Amino acid sequence: MADKNTKLTPEEIYKLAKLANLSLNEEQIKKLADSVSSILSYVSQLQSLNTANIEETAQVTGQENVFREDIVDNERMLTQEEALSNAKDKHNGYFMVKAIFEEE
Amino acid sequence: MEIHVELKTVSKMFCGCKNDPFGADKPNIYTCPVCLGLPGALPVPNRKAVEWAVLLGLALNCEIPLFSKFDRKNYFYPDLPKGYQISQYDQPFAVRGFLDITVGNEKKRIGITRVHLEEDTGKLMHATVDDPTSPSGLRGASKKVSLIDFNRSGVPLVEIVTEADIRSSEEARIFLKKLHQIIRYLEISDADMEKGSMRLEPNISVQKIQSRLNRDKIQKLPPYKVEVKNINSFSFAKKAIDFETDRHIAILETGKYPQQETRGWDEKKGVTFSQRSKEEAQDYRYFPEPDIPPIRWSKSQISNFKALIPELPDTRIARFIKEYGLSEYDATVLTEDKKTADYFEKAVKSKTIPAKTVANWIINKKADISKLSPEGLVNLIQAKTQKLPMSEKDLEEVINKVLAVNSKAVVDYKAGKESAIMFLLGQVMRQSHGRADATTTRKILENKLK
Amino acid sequence: MITDKSIKEIHLGLRKKEFSCEELIKETYGNIEKYDSRINSAITIVDKKTVLDKARQTDNGKKEFDLLTGMPFVLKDVYVTRGIRTTCASNVLADYIPQYDATVYKKLLDLGALLIGKMNQDAWGHGGSTENTDFGPTHNPWDLKRVAGGSSGGPAAAISGRMTVFAIGEDTGGSIRNPAAWCNITGLKVTCGRVSRYGAIAYASSFDTIGPMGKSAEDCAVILERIAGKDPYDATSSPASVPKYTSFLNKPLKGRKIALPKDLLGKGLDVEIKNAILKAVNKFAEIGAEIEEVTMPIFDYGLAVYYVIAPCETSSNLARYDGIRYGFDRSKFTEETIRRIMIGTYALSAGYYDAFYRKAQKARTLFIKAYQDILSKYDAILMPVNPTPPTVIGELMSDPLQNLLADFYTVTQNPVGVPSLAVPCGFTKDKLPIGMQLIGKMFTEELLLNIGHQYQQVTEWHKQKPDIIS
């Protein structure tokens, strides 16, 4: 698993890129395989830190149970025109993307 | 089985946009920076949606962990504006529950693994539009596109996951109907499958039964499962499961396993079709949502939630049988939805008409209860029935009158002439125009003449 | 120059009509026109005529107005501003015109402060030098061949270059403090939750903080008391009441206890910076504070914690940039940003989550404990901001790992949540600025600003401005 010699292969970089929705060329993949590996190796020093019986911390504000009431916030709602104002491709009030073939 | 239910809060899960995707007359009119995933926007959870998720968990006999949190489920799809869905991963609002169903004459317990809260995605539509940029330069050239509407994006969505306890398509159908009924009783969702506010995803795998006796005690699940999506009715769920089990059996008999995948249901053809292979299993990279503080309940808060749960169908059936003397069949039919059951109880409250008669009228749909008030129904029954049963009070009045005018018969009876009571009974029947119940009247007379 | 003055002085000048708001705004635009072609602190400048119109309205308006009314300011280009392009220094958002306002911007607008520009930074906050930007690096006004620091390099350079009176920066792992120190200004990383993040383009959500940058601790206090507080649109913003920070500034430091982590002043720290810190220690002793040496051995793991959690969160935060609803597609991310997305994706993926993300979140707990241990006995911890003076442009970008090490002193406060004030404390012999930071307990900004202000009462460092600005 993770140790000081973490070295990712171009195949692993390609898989990660796919997960991250990034399309990379061969040269980028090669370069990233080196630089990502060197940083992962560096951060792998964490393995030597004793964290037995230590809880994880995901947030530091100490807050809990923060809710909003179930009320419509008209002030913040956007008009259709505002919602679409930055879209490159739109059609009849919809955002438009290249066809996604999932159904048939 | 996985079931998704859209909650009918007035606003969305993490923002104040109107939650009415089905009622919207135009696309992208109920959005804001949050549910459109604009840069810099932050989610704030809807208190009511959270409470309703907990209520549903309690109604499904779940434990409510005192600590819970939201997580991010990361994946890319054009209808998912943030590139992640705020959901719950390892600490959902409700865990380890069950729902008891009746299959044939047998009671069966279906385990509920978890109930968690998340947000719905936008809606994708597939269309062909004019393509002025077509390289062919032809006029009228067109291209296939997908169109996205984010009115549904961020609508609160509850996911219910069952244990692998369901053994047949019929069990699945019964379970789903009951679950649907409970959701409607809680009044937290329309659970309208045609509108997509309740969505069913059976996960199906088939295994040879080693011994009939151990039918329900499967040690190990088969090494594959097939998930079916796009099912919008209980009967389609049943059909899709039947279709799949037949398909799996055919494959298993050749000595192979069916491929683990997600399939869609084609209701026109009545078949399932391959959608997405799960060979390359999605890696959702869940991690705690840093934008939303966690949730911690006190024990008293949870008991307060319990107090908010209305009487659920099973309890109500039992009470109707006991309290109103209804048959199990009548009680079951009347409690099918909360509205009818409430209607029935309002109608019997006046006690002018026996519960059985009211039940009969409602069940056999002699009157349109959607148009008639419960009081109206009572009046209607009274008017239309010659032999309208009398209230006890009215009956007593008639009896007292009859006794007062026929003192001779009273004296005769008290002197031992038992046939005199038949005369008095006849008088009561006449006075009440036949509405008095003979047995009841006789009982009252006997008591009064003691 | 009017812009050499403090916010309070400018405010008084405006009220006494010693100078007009119009003159003030003309001066800031004049300085932008004069210097920014060389400094490159701005990505988008707000239309001058519009701002001058507003300035004239201020001049002709009420006699009583807020300290920030008519005050020119700039925003790091991480804050969304309705109708004004917001890029986060990335070509992905090169043409993005926001449909709404960030809370911090709205608060300043409501007070009548005047937005001058949207400033350069490392794209998405990914960097400590304002070189990882699609709009060209920001040059340090103290030495134009050097970097301004980052990621809030543009705002820091703009204050230093007198193109604005103050700025709102954003600090995820030193992004306010690092450029503040390298540009000789004062910057405050606030307690996590103190200021609403609504409308601040997220880098690493649980680390991101919104804070003031100005010429002095006093200016920062004036700004903070106006931007802090609970925001219903940010669930993580704190309901804790907002102190009147300026009312604490003049308290004497007598009896205040400051910890100096001796073990952090060794290897890797530039000698001139070390000496400047030690001089500041003497200065604090002179004005009544008690300084004691402590150690923070856990610091060795600080960069590792930061460079696991921040990439994890950023890999998710940047997933929304798909080019469908706004902006361009993901092919426009820079190499540095792609690298951080990849590291985060890896550290969260099945099989590696426990060894990286979970482990780092546990280490985070140990850091909280380490800070608590010291801060339960001391009012503040004093340490350098940067290990070296500002680097020459191009130097850090060539080596991602070296680039990472430059953040050594500033990356551990964000995972813990504590506030930290960066204050100028000297110059190298080449006249490059040096800064120190004062770290306090959660929600003790008033104390840090008090200490910083008292130090600035007896030192002149913060009053210096670059030679080219005249």
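The values are calculated or read from the model by the stated rules, or taken from the named source; none is laboratory data. What you are looking at is a predicted structure, and each value in this text was computed from that prediction instead of being measured. For neighbour counting, all protein chains shown are included, and Cβ atoms are generated from backbone atoms with ideal geometry for every residue, glycine included.
For the stretch C:345-365, does any single residue satisfy the condition of being part of a helix (DSSP H, G or I) and closer than 30 Å to B:Leu147 by Cβ?
Yes.
Please tell me if C:Ala347 is hydrophobic (A, V, I, L, M, F, W, C) and surrounded by fewer than 21 Cβ atoms within 10 Å (Cβ to Cβ).
no
With respect to the numbered conditions (1) surrounded by 14 or more Cβ atoms within 10 Å (Cβ to Cβ); (2) more than 14 Å from chain A (Cβ to nearest Cβ), which one is the sole condition not fulfilled by C:Ala228?
(2)
Would you mention how many residues in the stretch B:157-179 are assigned to a strand (DSSP E or B) and touching a Phe, Trp or Tyr at 6+ places or on another chain (Cβ under 8 Å)?
2
Please specify each residue of the stretch A:92-104 satisfying the condition of being without any contact (Cβ under 8 Å) to a residue 12 or more places away in the chain and surrounded by fewer than 17 Cβ atoms within 10 Å (Cβ to Cβ).
Hits for the stretch A:92-104 are A:Asn92, A:Lys98, A:Ala99, A:Ile100, A:Phe101, A:Glu102, A:Glu103, A:Glu104.
Which condition number does C:Ala204 fail, the rest of (1) closer than 18 Å to C:Gly452 by Cβ; (2) of a type in the set (A, V, I, L, M, F, W, C); (3) not in a helix (DSSP H, G or I) being met?
The single condition C:Ala204 does not satisfy is (1).
Among the residues of the stretch C:350-380 satisfying the criterion of being touching a residue at least 60 places away in the same chain (Cβ under 8 Å) and of a type in the set (Phe, Trp, Tyr), which is nearest to C:Val308 (Cα to Cα)?
My answer is C:Phe367.
Only one of (1) free of Cβ contacts under 8 Å to residues at least 24 places away in the same chain; (2) touching a Pro at 6+ places or on another chain (Cβ under 7 Å); (3) of a type outside the set (D, E, K, R) is not met by C:Ala285, so which one is it?
(2)
Just for the stretch C:304-331: of the residues that are in contact with a helix residue (DSSP H, G or I) (Cβ under 9 Å, 6 or more places away or on another chain) and assigned to a loop (DSSP other than H, G, I, E, B), which one is nearest to the other protein chains (Cβ to nearest Cβ)?
The selected residue is C:Tyr326.
Being hydrophobic (A, V, I, L, M, F, W, C), within 7 Å of another protein chain (Cβ to nearest Cβ) and under 24 Å from B:Tyr89 (Cα atoms) is the filter here, so list the residues in the stretch C:332-357 that pass it.
Those that are hydrophobic (A, V, I, L, M, F, W, C), within 7 Å of another protein chain (Cβ to nearest Cβ) and under 24 Å from B:Tyr89 (Cα atoms): C:Ile341, C:Met342, C:Ile343, C:Leu348, C:Ala350, C:Ala355, C:Phe356.
Would you pick out the residues in the stretch C:234-279 that are in contact with a Pro (Cβ under 7 Å, 6 or more places away or on another chain) and of a type in the set (Gly, Ala, Ser)?
Within the stretch C:234-279, C:Ala235, C:Gly268 meet the criteria.
Where residues in the stretch A:46-56 are surrounded by 15 or more Cβ atoms within 10 Å (Cβ to Cβ) and part of a helix (DSSP H, G or I), which of them is nearest to the other protein chains (Cβ to nearest Cβ)?
Per the stated criteria, the residue is A:Leu46.
Inside the stretch B:45-64, can you point out the residues that are surrounded by fewer than 24 Cβ atoms within 10 Å (Cβ to Cβ), of a type in the set (A, V, I, L, M, F, W, C) and within 12 Å of another protein chain (Cβ to nearest Cβ)?
The one that is surrounded by fewer than 24 Cβ atoms within 10 Å (Cβ to Cβ), of a type in the set (A, V, I, L, M, F, W, C) and within 12 Å of another protein chain (Cβ to nearest Cβ): B:Val50.
Evaluate the following for B:Ala355: is it in contact with a Leu (Cβ under 6 Å, 6 or more places away or on another chain) and either without any contact (Cβ under 8 Å) to a residue 24 or more places away in the chain or not charged (D, E, K, R) (or both)?
Considered against the rule, which asks whether it is in contact with a Leu (Cβ under 6 Å, 6 or more places away or on another chain) and either without any contact (Cβ under 8 Å) to a residue 24 or more places away in the chain or not charged (D, E, K, R) (or both), B:Ala355 comes out as no.
Looking at the stretch C:85-112 only, could you name the residues that are under 22 Å from the mean Cα position of the chain (by Cα) and hydroxyl-bearing (Ser, Thr, Tyr)?
Selection gives C:Thr86, C:Thr87, C:Ser90, C:Thr103, C:Tyr105.
So in the stretch C:257-292, with the set limited to residues that are part of a helix (DSSP H, G or I) and acidic (Asp, Glu), which one is surrounded by the fewest Cβ atoms within 10 Å (Cβ to Cβ)?
Top of the filtered list is C:Glu286.
Conditions: (1) in contact with a strand residue (DSSP E or B) (Cβ under 9 Å, 6 or more places away or on another chain); (2) away from chain A (no Cβ under 14 Å); (3) among the charged types (D, E, K, R). C:Asp110 meets all but one. Number of the miss?
All conditions are met except number (1).
Which of the following residues is modelled with pLDDT under 95, touching an Asp or Glu at 6+ places or on another chain (Cβ under 8 Å) and either of a type in the set (A, V, I, L, M) or assigned by TED's automatic domain parsing to the domain that holds B:Gly16 (or both): B:Ala127, B:Ala94, B:Ala141?
Every option except B:Ala141 fails the conditions.
For C:Thr246, all conditions in the list (1) facing another protein chain (nearest Cβ under 8 Å); (2) over 23 Å from C:Pro384 (Cβ atoms) hold save one; what is the number of the exception?
Exception for C:Thr246: condition (1).
Within the stretch B:13-35, can you find the residues that are within 9 Å of chain A (Cβ to nearest Cβ), touching a strand residue (DSSP E or B) at 6+ places or on another chain (Cβ under 7 Å) and touching a residue at least 40 places away in the same chain (Cβ under 8 Å)?
Listed by number, the residues that qualify are B:Phe14, B:Cys17, B:Asn19, B:Pro27, B:Asn28, B:Tyr30, B:Thr31.
Go through the stretch A:18-45 and report how many residues are more than 7 Å from chain C (Cβ to nearest Cβ) and in a helix (DSSP H, G or I).
12
Could you grab me the full set of residues in the stretch B:37-77 that are assigned to a loop (DSSP other than H, G, I, E, B), closer than 22 Å to B:Tyr284 by Cβ and not hydroxyl-bearing (Ser, Thr, Tyr)?
Of everything in the stretch B:37-77, those that are assigned to a loop (DSSP other than H, G, I, E, B), closer than 22 Å to B:Tyr284 by Cβ and not hydroxyl-bearing (Ser, Thr, Tyr) turn out to be B:Gly37, B:Ala41, B:Leu42, B:Pro43, B:Pro45, B:Pro65, B:Lys69, B:Phe70, B:Phe76.
Can you tell me how many residues in the stretch A:59-71 are within 7 Å of another protein chain (Cβ to nearest Cβ) and surrounded by fewer than 18 Cβ atoms within 10 Å (Cβ to Cβ)?
6
On the given criteria, is B:Leu60 over 21 Å from the mean Cα position of the chain (by Cα), among the aliphatic types (A, V, I, L, M), modelled with pLDDT of 95 or more and farther than 19 Å from A:Gln63 by Cβ?
Here the answer is no, as B:Leu60 does not meet what is asked.
Do we have any residue at all in the stretch B:180-201 that's surrounded by fewer than 17 Cβ atoms within 10 Å (Cβ to Cβ), at pLDDT 90 or above and not in a loop (DSSP other than H, G, I, E, B)?
no
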